[in-house]
Amino acid sequence: MNPTSEALAVTPEVERETRDLYQRVRRVIPDVEWPVHAPLIAAINRLKRERKAIILVHNYMRPEIFHGVADYAGDSLGLAQFGERTPAETIVMCGVHFMAETAKILSPEKTVLLPDLKAGCSLASSITAADVRALRKQHPGAPVVTYVNTSADVKAESDICCTSANAVQVVESLGVAEVIFIPDKFLGQYVASKTGVRLILWEGACEVHERFSGLELRDFRGMHPGIHVMAHPECPPDVLAEADFVGSTSAMIEHVGKVHPRQVAMITECAMAGNVAVEFPDVEFIQPCNLCPHMQRITLPKILQSLETMSPAIDVPTDVARRARATLERMLAVGRGAARD
Ligand code: 13P
Ligand code: SF4
């Protein structure tokens, strides 16, 4: 019997291995789904130990992945940092393509698996390396700051990378009056409002966050008076203006822990609320729900298959990887500098 067919049965062993987990996640995973998830979770956790692999999970993954199989869960910055320092030889990235590519660029000697290669990102597909070269010609001398939600080719053409967690800090670290900031126009507008630096922007947007509107949030607040509203900086400016807190996915989770609001809305991909709700049983999570079709491509059966076949593995041409790595390392150095201050 191969691991996939074994994985379909709730054996007494599976029941024992997943009992505690089930008690923790019952609130966010419907009872009828558990017999499907439990054998897969047990099989994945066994196989990852055999393969000496670690599973990195973005905050937007479904709760059965986030709580069931993650060795580390976090935002794009956290995933990049953890991927770089782990001694594991194999990383399974439960997120989208640019996250797996970033892990491979930072650790070329490791095998990095992405359970579905079609898990893309509307921001990453909005810009090419040729576009970056054209921007540089139009604005000579302006450094290029690239959001991590981009391809390795685009990072290779850029000066420094950033994530939603450190974009303001990265732009300020350059100490210049003008930068080219690609490709998220909304994150760029947010950074400009916080730094006073003139940002030359690109017409990219996240297909999930651009759907929220300030009007929708005002109506929402009317329906839930007193609700604490948090928003991701990929949202349009009228949404951010309505928010009580703006931050990366992990910053939002940390903020819930600090503020402990009675009711909260996370204006971001909505799978995340289920993940966070497990840690904060006394907080009520209510929000308009927009799902990322790319993140949702990653499922337990695909993670298991990926570990069984050790594929699909991410590959980045050596020269591109070398130049993209310099862009990422400049960003990581900014973070390390701030941690020392
Ligand atoms: P974070 O880095 O805040 O987790 O965001 C990643 C992302 O894709 C947001 O849509
Ligand atoms: Fe890209 Fe938006 Fe999906 Fe994040 S939520 S991966 S930015 S499309």
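The values are calculated or read from the model by the stated rules, or taken from the named source; none is laboratory data. Since this is a predicted model, take the numbers as computed values, not measurements. In this analysis, Cβ positions are derived from the backbone assuming ideal geometry, glycine residues included, and neighbour counts consider all displayed protein chains. With ligands, DNA and RNA removed, areas are computed over all heavy atoms of the protein, side chains included. Shrake-Rupley method; radii C 1.70, N 1.55, O 1.52, S 1.80 Å.
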Of those in segment 213-229 that are in contact with a Pro (Cβ under 9 Å, 6 or more places away or on another chain) and among the aliphatic types (A, V, I, L, M), the residue nearest to Thr268 (Cα to Cα) is Leu217
For segment 103-180, please list each of the strands (runs of 3 or more DSSP E) lying entirely inside it that holds at least 2 residues being surrounded by fewer than 24 Cβ atoms within 10 Å (Cβ to Cβ) and within 16 Å of ligand 1 (Cβ to nearest atom). none
Looking at (1) within 28 Å of Val197 (Cα to Cα); (2) in a helix (DSSP H, G or I); (3) away from ligand 1 (no atom under 16 Å from the Cβ), find the lone condition where Gln81 falls short. (3)
Residues (out of contact with any helix residue (DSSP H, G or I) (no Cβ under 7 Å at 6 or more places or on another chain) and within 13 Å of Ile303 (Cα to Cα)) located in segment 63-81: Ala70
Only one of Asp159, Asp184 that is over 19 Å from Ala100 (Cα atoms), in contact with a Pro (Cβ under 7 Å, 6 or more places away or on another chain) and not aliphatic (A, V, I, L, M): Asp159
Would segment 52-62 turn up any residue that is in a helix (DSSP H, G or I), open to solvent by 60 Å² or more (accessible area, probe 1.4 Å) and more than 16 Å from Ile298 (Cβ to Cβ)? no
Take the conditions in contact with a helix residue (DSSP H, G or I) (Cβ under 7 Å, 6 or more places away or on another chain) and either within 13 Å of ligand 2 (Cβ to nearest atom) or farther than 20 Å from Gly68 by Cα (or both) and apply them to Glu84. Does it pass? yes
Which ones in segment 64-77 are open to solvent by 10 Å² or more (accessible area, probe 1.4 Å) and within 16 Å of ligand 1 (Cβ to nearest atom)? Phe66, Ala70, Tyr72, Ala73, Asp75, Ser76, Leu77
Do you know which residues across segment 181-190 are open to solvent by less than 20 Å² (accessible area, probe 1.4 Å) and in contact (Cβ under 8 Å) with a residue 40 or more places away in the chain? Ile182, Pro183, Asp184, Leu187
Among the residues of segment 288-303, the number that are open to solvent by 40 Å² or more (accessible area, probe 1.4 Å) and away from ligand 2 (no atom under 14 Å from the Cβ) is 2
Taking the conditions exactly as written (charged (D, E, K, R), out of contact with any Lys or Arg (no Cβ under 6 Å at 6 or more places or on another chain) and more than 26 Å from Met295 (Cα to Cα)), does Arg211 satisfy them or not? no
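Residue-wise test of (1) open to solvent by less than 30 Å² (accessible area, probe 1.4 Å); (2) of a type in the set (Phe, Trp, Tyr); (3) more than 20 Å from Arg26 (Cβ to Cβ); (4) within 16 Å of ligand 1 (Cβ to nearest atom).
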{"residue": "Phe245", "(1), (2), (3), (4)": "no, yes, yes, yes"}
{"residue": "Thr249", "(1), (2), (3), (4)": "yes, no, yes, yes"}
{"residue": "Arg262", "(1), (2), (3), (4)": "no, no, yes, no"}
{"residue": "Met266", "(1), (2), (3), (4)": "yes, no, yes, yes"}
{"residue": "Glu269", "(1), (2), (3), (4)": "yes, no, yes, yes"}
{"residue": "Asn275", "(1), (2), (3), (4)": "yes, no, no, yes"}
{"residue": "Val278", "(1), (2), (3), (4)": "yes, no, no, no"}
{"residue": "Asp282", "(1), (2), (3), (4)": "no, no, no, no"}
Residue check, Cys235 surrounded by 19 or more Cβ atoms within 10 Å (Cβ to Cβ) and either modelled with pLDDT of 95 or more or over 30 Å from Ala130 (Cβ atoms) (or both): yes
How many residues are more than 17 Å from Val148 (Cα to Cα), without any contact (Cβ under 8 Å) to a residue 60 or more places away in the chain and either within 16 Å of ligand 2 (Cβ to nearest atom) or open to solvent by 10 Å² or more (accessible area, probe 1.4 Å) (or both) when one looks only at segment 200-232? 13
